[in-house]
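Only the coordinates and a few stated rules stand behind these numbers; no lab work does. All of these numbers come straight from a predicted model, not from anything done at the bench. Using ideal geometry, Cβ is built from the backbone for each residue, glycine included, and neighbour counts are taken over all protein chains shown.
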């Protein structure tokens, strides 16, 4: 079971933050690490083990997990990906400090550990702080374009 169950309140807070256009009253309510995952993803589970270990070492570390199929989550992930200059080609997609981490591997685990430690000791802004306005609704736009395309094809003689 993913460690995200413990952080359901933080996940709901992140979705609420998304719905309110990124305005939040208390900066300390923002997560230090933002993890986008897919249910049943083995790579996600592997990185969650690393995050669980880091949370045991640093109890003040706030990790938020967001499931990719939840409403608004894909748009948030794509908006953050653009801000971080990464392409989320597989899961998990993790944002922490100045780094966006896609997928798994020893190099990604080491980058996650190093970045989290740097944030714990030197401080970093939350990934959510990079979103100043509501994320562009890429998924909604793509769905509408696909629907118009299908209707146009069906209406052709």
Legend entry - Proxy reagent accessibility, fewest Cβ within 10 Å first, across 60, 81, 126: 60, 81, 126
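Most exposed first by the Cβ proxy, i.e. fewest other Cβ within 10 Å, how do 37, 58, 84 rank?
Working: 37 23, 58 15, 84 18.
Lowest count first: 58, 84, 37.
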Legend entry - Exposure proxy ranking, count of Cβ atoms within 10 Å, fewest first, for 121, 87, 36: 121, 87, 36
